[in-house]
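Worksheet for the structure shown next.
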Amino acid sequence: MASPSPGVTYVRDEELSCAVIWLRLVDCREYIDSYLSADADRELSPQEAREASQHLVICRGCAERLASERAFKSFVRRRIQIVSTPAGIRQRIAGEVDRSGQSGLGGRIRTLRPAVRWAPVAIAAVLLVIILFARSSQKAEVPAFDQAVDSYSAMQNNFVPTVSAESGTKLGDHYNDWISHELGMPLKAWNFDKLGYHFVGGRADQLPDGRRVVYTVYSGPEGKIVCAFERAVNFPIPPGGETVNRVHHFYRYKGMSLCLTVMPNMVCILTCRMPLDDFIHAIKQVES
């Protein structure tokens, strides 16, 4: 058997006893340069699709980039239609081309005339797509969401719980009583056992504006889920979210997936890294 080519990584499937199969692994640069666009259009060959799939399973960055590429192309298909250049504009362009021809460039420029007719519309369409997509992608800053995202990041490697699973505390009436006492109203913590997430601990803290907040941290197959209960009156629900079961509002915010639940005098914000659709499905599963 020939040796693998230099610079190319292969892995062996040890579970196959009858034969040895070498699988080619695609790196990020190769995926972006050679696979991304065709993958977004679902135009990869079966072999290329397998190679791309193997890479996306282990590379969240490329998976998110693929999702963004597909969203952009979907946006273009929804917003742009082919239109003809108005007659008046075509006549003015043709006149300019004819005048240019008098300077000795006419032969070359006349060959471009059919394409030039479409140039203003094509350029305008591209600019319009960029502007509209940029605007549709921008989300207003939400201070409560910023606080949730910042807290999530801070707790990845430096979470010091007030109560912890290591101390023998478990999700249940005792922990719910502790949250209720800290925030001054009856509350019940989320339980993500169905999803394979275990309780790490809870921490009572104070927000910059003086309000009390209780964080509960869970750890599972796709990292952590951080729950923040905080006191709030008449909390405005930001636009652009997806509402589930009439009470949960889901957002993709600064690279994170958030679930906002608004209650009288209280809000709950769940923050995690899993894709938004997966997060929505997970919450539905927990509540089923």
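The values are calculated or read from the model by the stated rules, or taken from the named source; none is laboratory data. The structure displayed is predicted, hence computed values, not measured ones. Using ideal geometry, Cβ is built from the backbone for each residue, glycine included, and neighbour counts are taken over all protein chains shown.
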For this session: Go through the range 143-192 and give me each residue that's in contact with a helix residue (DSSP H, G or I) (Cβ under 9 Å, 6 or more places away or on another chain) and either at pLDDT below 90 or over 22 Å from Ile283 (Cβ atoms) (or both).
Result: Pro161, Thr162, Val163, Thr169, Leu171
Seminar exercise, completed: Going through (1) assigned to a helix (DSSP H, G or I); (2) of a type in the set (Gly, Ala, Ser); (3) modelled with pLDDT of 90 or more one by one, Ala119 fails only at (3)
Problem set entry | Filter result (surrounded by 17 or more Cβ atoms within 10 Å (Cβ to Cβ), within 22 Å of Asp146 (Cβ to Cβ) and under 24 Å from the mean Cα position of the chain (by Cα)) within the range 186-224 | Trp190, Tyr215, Thr216, Val217, Tyr218, Lys224
For this session: Can you confirm whether the range 35-53 contains a residue that is within 19 Å of Glu222 (Cβ to Cβ) and either part of a helix (DSSP H, G or I) or assigned by TED's automatic domain parsing to the domain that holds Lys254 (or both)?
Result: yes
Problem set entry | Matching residues in the range 240-262 - criterion: being surrounded by fewer than 15 Cβ atoms within 10 Å (Cβ to Cβ), in contact (Cβ under 8 Å) with a residue 24 or more places away in the chain and at negative phi | Glu242
Problem set entry | Those strands (runs of 3 or more DSSP E) lying entirely in the range 234-281 with at least 1 residues closer than 17 Å to Lys224 by Cα | 248-253, 256-263, 266-272
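Kindly evaluate Met256 against the criterion of being over 18 Å from the mean Cα position of the chain (by Cα) and of a type in the set (A, V, I, L, M).
In short, no.
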Problem set entry | Count - residues of the range 155-179 that are surrounded by fewer than 17 Cβ atoms within 10 Å (Cβ to Cβ) and either touching a Pro at 6+ places or on another chain (Cβ under 8 Å) or not in a loop (DSSP other than H, G, I, E, B) (or both) | 7
Problem set entry | Failed criterion for Arg231 (all others in (1) touching a helix residue (DSSP H, G or I) at 6+ places or on another chain (Cβ under 7 Å); (2) among the charged types (D, E, K, R); (3) under 28 Å from Cys62 (Cα atoms) hold) | (3)
For this session: Return yes or no: is Ala228 outside any loop (DSSP other than H, G, I, E, B), buried (at least 19 other Cβ atoms within 10 Å of the Cβ) and of a type in the set (A, V, I, L, M)?
Result: yes
